[in-house]
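What follows is a set of notes on a single structure, which appears directly below.
Read the figures in this text as sums done on the coordinates, not as results from a lab. For clarity, every value in this text was computed on a predicted model and none was experimentally measured. Neighbour counts run over all protein chains shown; Cβ positions are idealised from the backbone, glycine included.
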Amino acid sequence: MKNQDLYIYILGIADNSLILGQRLGELCGHGPSLETDIALTNIALDLFGQTRSYYRYAASLAGEGKTEDDVAMLRIERDYRNVLLVEQPNTHFGHVIARQYLFDVFHFQLMTALVDSNDETLAAVAAKGIKEVGYHKRFSGDWLKRLGDGTGESHEKMQEAIDHFWPYIAELFDTTESDERMIESGVGVDVATFRESYYSEVTDQLKEATLTVPENPYSKKGGKQGVHSEHMGYILTELQYMQRTYPNLTW
Amino acid sequence: MTIDLHPNIDENLVQILEEVADPEIPVLTVMDMGVIREAVARDGVVYIKLTPTYSGCPAMDVISDDLTAAFKKHGMEARVELVLAPAWTTDWMSEAGKRKMEAYGIAPPLEETADKDALLGNARIVKCTNCGSTNTRLLSQFGSTACKALFQCDDCQEPFDYFKCLK
Ligand SMILES: [Zn+2]
């Protein structure tokens, strides 16, 4: 492949949306209320839409007649580049919101920076996606506040969820060697430039939601290098089932 | 990179383009929605550039097929290409389209600042499509599709969709 770094860089962004979208899709018909059920699956649809544009681009770089579906569906676990945060299970609604919120704030800042990429395709996907991600962030941020500053029980569950996901944030700001070469060439985004503003935005909003900002220095990472948690295999089993069972199936 | 925000549409093709409806809101044509960014005829082939409203909009494949079919009916071959830049905005919807949308039961998008106020619950300004009252409130930021929010009227109690501003 002539542009391996760019290919991997695209997957690093696209796989987060694919796997988070898959997690949200599990909630279809199972949301705590009809409105939240529809909202979460609409967010999943936005993420899948964005991811299609990325995978189409990645497939064109991969050559060999590869399609967006090949890239999305037919890789082995070690070749997925999503962060551990997005593959964590739904557990309860507080977890769904905490995972979503912590990702949305990052996603919005990443898209904001990616708009200025000197790669025209990535810049266009970001310019399109950023408008949608703004709505995602408003949705998860509102629920964070509503649950944090809600009843005793909702507050406790929201705090537990934030504490649970806190160690996963650090990986969002890790850069791989491919990332670094992409940053150097003006295609990639240097996530370190908005690390501080990420933490300050999240901290402010947690306080507003009467939640305590965790001080846990421990971090959990590996997904960006293809080393995933035990949950990933189960996600892929479901995601890839049709293509593995009926190879080359189309509809 | 400079981006031309005005669509390049050959006037002779407009009539056929207006035969193609938005599958999600069938009272609107693709011209009303502002999703056609280019339509030109070259050597007997019509080249169309189509842009999605939302990245994951499932209507895009259908619209693309419908466009090809509409031109085929008039004896022309059309080739549809999906383009992402510049990104679609609700500003591209026609005024006539917004009126048709309202009559159909979907409140059309407000301008950006008003939209924010309405969605954040700071102001009651989205007009109920059933009784016309603005005594309405947000039920959910996502309605029947990602591009809409769900509102309810506190005068007639009717719930209705509001097409969110996208800018
Ligand atoms: Zn009313």
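Placing a label point 7 Å from the Cα of A:Glu156 along the Cα-to-Cβ direction, the residues of the stretch A:64-108 with a backbone N closer than 15 Å are A:94.
Projecting label points 7 angstrom from Cα along Cα→Cβ for A:Leu34 and A:Arg138 puts them 2.3 nm apart. If you run the Gaussian network model on chain B, springs between alpha carbon atoms under 10 Å, then out of B:Asp155, B:Asp22, B:Asp43 the most flexible one is B:Asp43.
With charges only on Cβ, +1 for K and R and -1 for D and E, what is the dipole size of the protein assembly as shown about its Cα centre, in debye, rounded to 20?
Numbers: 39 positive and 64 negative charges, 52 e Å.
I would put it at about 260 debye.
Averaged over peptide B:80-92, the number of partner chain Cβ atoms lying within 10 Å of each residue's Cβ comes to 3.
The residues neighbouring B:Leu84, those whose beta-carbon lies less than 13 Å from its own, together hold a net charge of +2 under the Lys/Arg +1, Asp/Glu -1 convention. Springs between Cα atoms under 10 Å define the GNM used for chain A, and in it the highest mean-square fluctuation of A:Ser197, A:Ser140, A:Ser33 occurs at A:Ser33. Residues whose amide H lies under 5 Å from that of B:Leu110, counting only those 5 or more places away or on a different chain, are B:Cys165; hydrogens are built 1.01 Å from N in the peptide plane.
Judged by a Cβ-Cβ distance under 4.7 Å, the unpaired cysteines of chain B are B:Cys57, B:Cys147, B:Cys165. Helix B:95-104 and the longest principal axis of the Cα set of chain B meet at an angle near 60°. Listed values for the stretch B:110-116 are Karplus-derived 3J(HN,Hα) couplings in whole Hz (6.51 cos²θ - 1.76 cosθ + 1.60, θ = phi - 60°), namely 7, 6, 3, 5, 5, 4, 4, and x replaces Gly and Pro.
Using a 10 Å cut-off around each Cβ of peptide B:52-62, what is the average number of partner chain Cβ atoms that fall inside? Before the final figure, lay out the partial values.
Values: counts 3, 1, 10, 17, 15, 3, 3, 0, 1, 0, 0.
Neighbouring Cβ atoms belonging to other protein chains average 5 per residue here.
Charge dipole of the stretch B:28-164 (Cα centre as origin; +1 on each Lys and Arg Cβ, -1 on each Asp and Glu Cβ, all else neutral): 100 debye, rounded to the nearest 20.
Placing R0 at 30 angstrom, the Cβ-Cβ distance between A:Asp174 and B:Lys116 gives a FRET efficiency of 0.30 after rounding to 0.05.
Is the shape of the protein assembly as shown best called rounded, prolate or oblate, per the rule: a/c under 1.5 gives rounded, else a/b larger than b/c gives prolate, else oblate, with a ≥ b ≥ c the square roots of the Cα gyration tensor eigenvalues? The shape class here is oblate. Legend: distances between Cα atoms for A:Lys66/A:Lys224; A:Lys131/B:Lys49; A:Lys145/B:Lys98; A:Lys157/A:Lys220; A:Lys224/B:Lys164; B:Lys73/B:Lys164; pairs beyond 31 Å are A:Lys145/B:Lys98; A:Lys224/B:Lys164; B:Lys73/B:Lys164.
What percent does the relative contact order of the stretch A:1-99 come to when contacts are Cα pairs within less than 8 Å and at least six residues apart? Could you put the intermediate results ahead of the total?
Numbers: 102 pairs, mean separation 35.5, N = 99.
Relative contact order here is 36 percent.
The string of couplings for the stretch B:131-145 from the Karplus curve (6.51, -1.76, 1.60, θ = phi - 60°) is 10, x, 6, 9, 7, 10, 9, 6, 9, 7, 5, 10, x, 5, 9 Hz, one whole number per residue in order, with x for Gly and Pro. Using alpha-carbon pairs under 8 Å, 6+ residues apart, how would you state the relative contact order of chain A in percent? The value is 25 percent.
What average number of partner chain Cβ atoms lie no more than 10 Å from the Cβ of the residues making up A:126-134?
Values: counts 3, 5, 11, 5, 1, 10, 7, 1, 2.
Per-residue shielding by partner chains comes out at 5.
In the protein assembly as shown, what % of DSSP beta bridges are antiparallel (nearest 5)? Walk me through the intermediate numbers first.
Numbers: 16 of 26 bridges.
Around 60 percent antiparallel, to the nearest 5.
Can you give the Rg to Rh ratio for the stretch A:4-245, taking only C-alpha atoms and Rh from Kirkwood? Expressed as Rg/Rh, it is 0.95. Taking only Cα atoms, what is the 0 to 90° angle, nearest 10, from helix B:59-73's long axis to the longest principal axis of chain B? With both axes taken from Cα atoms, the answer is about 40 degrees.
Provide the net charge surrounding B:Glu95, with neighbours chosen by a C-beta distance below 14 Å and charges set as Lys +1, Arg +1, Asp -1, Glu -1.
Details: positive: B:Lys98, B:Arg99, B:Lys100; negative: B:Asp32, B:Asp91, B:Glu102, B:Glu111.
That sum, taken over residues with Cβ under 14 Å, equals -1.
Would you mind telling me which residue in A:Ile19, A:Ile130, A:Ile38 has the biggest mean-square fluctuation in a Gaussian network model of chain A, where springs connect alpha carbons within a distance under 10 angstrom? Per the Cα network of chain A with a 10 Å cutoff, A:Ile38 tops the list. Under 1.5 on a/c is rounded, so check that first for the stretch A:159-251, then, if it is not, pick prolate when a/b is larger than b/c and oblate when it is not; a ≥ b ≥ c are the square roots of the alpha carbon gyration tensor eigenvalues. It is oblate, given that a/c is not under 1.5 and a/b is not larger than b/c. Any idea what angle helix A:120-148 forms with the longest principal axis of chain A, computed on alpha-carbon atoms, 0 to 90 degrees, nearest 10? With both axes taken from Cα atoms, the answer is about 20 degrees.
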